[in-house]
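Please read the structure below before turning to the comments.
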Amino acid sequence: MQKKALLALMLAATLLLSSCALVVKDAAVDAQTVIIRKGDTTVTKGEVQKAVLDQLNYTAYMYSMYGMSYDPTDAANIATAQSSAISALEEDIVTKEHIASDLEALTEEQLAEVQETAQSNFDADIEAVKSYQFADSELEGDALTEAAKAWMDEQGMTLDAYVQNATESKQRELLRELVIKDVEVTEEDFLAEYNSRVESAKTSYDGNPASYATAVNNGSTVYYAPEGVRRVKQILTKFHDDDQTAINDANAKVTSANSAVTAANAKITSAQEILDTENASEEDKAQAQTDLDAANAELETANADLAAAQSELEAARETAFANIEEETDAILAELADGADWDTLMAEKNQDPGMKSGTAAEKGYAVAADMTSFDSAFVEAAMGLENIGDISGKIRGDAYGYYIIKYIGDEPVGEIGPEAVRETLTSSLLSTKQSTFYNDTLAQWVEDAKFQVDLNALKD
């Protein structure tokens, strides 16, 4: 239904753009009306309308993907699409002019790359057409491939068209490289951005160290570390797979029962509101009382189910902990006997997050009130008093037993420019290049002095 409604709207937009409501015109002649002109280069009304429809269609599709409504027949939306389409067409004209004047012919190597890209895209779309356009076809093998190619040919999706698209894409890429070749990040640029990010991070993290710890553990680039963050390592003894499944199943039952309790309470509230309404009819009140009695019965059942599910969950967790008790105690005994922590962690730890990378080297960053880690883990980690202290076995809320070692405190203050120079410079360069190219393209369009007949487009 949604697709049909969207199609109907697009057809309506087509009619609006074609101006077929009141004025009778020769459609073929009208489509050749020049809307955009630059010297001998022109863009016709038909070409502009196609670009506008493409824009409206794309926007409507994107809105629908997110469950949002978009009316392609709305005058404001059409005006926005027209403006966007005209700008894109103007940019396309000046870009092609600069490709012709500023670039040399593609090299043999570049032409080979273009051909390979075109063929790859063409082949991929053939497979897509087979899967969707011929999903119910009885054709197979070469016959199916030929049918898909024939369908694509009817749509203008020929290999030559793919080569043309790939060629233009390569030329645009080379033109952009030519335009931005002298753009660079100066030391002044770098330090200004670095200092700005330090100040921003300081504002964000000083009042919320947990957000810093979460960012670090997620691999984000950080520029400042607040007080209250420490590094810890852990040896996790995970629940056995069957025990974890039992816990998950019980948790699902708890969730379902909680939902039923919430639903029953909502019904009770709704029915009670009617009973408490002075001007409610006797019939409505009688129905509300019936609904209230039924909802109370539902609530009683839901509460009983919830209690049973919670008991099942607790029993599953106790069984799971009992099954890994001996293994965890053996690890603690080895540590008590002087076993090397890192060696034992490498051998016994069942936490994949500590097998490699920064976490394996420096430990997890932890701060009070973190929500990205098990609360039992955070509480135990922050409860260790001295660097080097090792916890006992900590019952986790989700995974098993934790044994935690306090490795050290995160140094407070800015990270230092050299620690982020490569990452930040790369980011700045990309931004400066994009800005410079877009500004250059806008200047080309301005210098071109396009003549645009918007009235002819509306007629």
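Since every read-out is calculated from the coordinates, none of them should be taken as a lab result. Source: prediction; values computed, not measured. Counting neighbours? That spans all protein chains shown, and the Cβs are built from the backbone with ideal geometry, glycine included.
Once backbone amide H atoms are built at 1.01 Å from N, ILE407 has ARG231, VAL232, LYS233, GLY388 as its partners under 5 Å, excluding neighbours fewer than 5 places away on the same chain.
Too long at a 19 Å Cα-Cα cut-off: which of LYS50/LYS149; LYS181/LYS432; LYS348/LYS393; LYS50/LYS458? Pairs exceeding 19 Å: LYS50/LYS149. Full extension of the chain between PHE134 and GLU184 yields a length gain of 12.9 nm, computed as 0.36 nm times the residue separation minus the alpha carbon distance.
Distances over 42 Å make up what percent of all Cα-Cα pairs in the chain? Please report the intermediate quantities before stating the final value.
On the way: 56775 of 105111 pairs.
That fraction is 54 percent.
Please give the charge dipole size of the chain, origin at the Cα centre, charges +1 on K and R Cβ atoms and -1 on D and E Cβ atoms. Round to the nearest 20 debye.
Approximately 1020 debye in magnitude.
For segment 359-459, report the % of Cα-Cα distances exceeding 15 Å. Cα-Cα pairs in segment 359-459 separated by more than 15 Å: 77 percent. Which one of TYR437, ALA27, ALA320 is farthest out on the positive end of the charge dipole of the chain, using unit charges on Cβ (Lys, Arg +1; Asp, Glu -1) and the Cα centre as origin? The residue sitting farthest along the positive end of the dipole is ALA27. Couplings 3J(HN,Hα) for segment 440-455, derived from phi with the Karplus relation 6.51 cos²θ - 1.76 cosθ + 1.60 (θ = phi - 60°), are 5, 4, 5, 5, 4, 5, 4, 5, 6, 6, 4, 9, 10, 9, 5, 4 Hz, where x marks Gly and Pro.
Each 10 Å bin from zero holds the following percent of Cα-Cα pairs in segment 198-262: 17, 26, 16, 29, 11.
Distant-in-sequence amide contacts of ILE35, defined by a placed amide H-H separation under 5 Å and a gap of 5 or more residues or a different chain, comprise VAL43, THR44, LYS45. In sequence order, segment 178-184 has phi-based couplings of 5, 5, 9, 4, 9, 6, 9 Hz under the Karplus curve 6.51 cos²θ - 1.76 cosθ + 1.60, θ = phi - 60°, and Gly or Pro positions carry x. The fraction of Cα-Cα pairs per 10 angstrom bin, counted from 0 for segment 81-132, comes to 20, 23, 33, 23, 1 percent, rounded to whole percents. Taking 0.36 nm per residue of sequence separation and removing the Cα-Cα distance, the GLU113/GLU97 pair yields an extension gain of 3.5 nm. A convex hull fitted to the Cα coordinates of segment 241-321 yields 59 cubic angstrom per residue. Distance between the 7 Å Cα→Cβ label points at ASP397 and ASN265: 1.9 nm.
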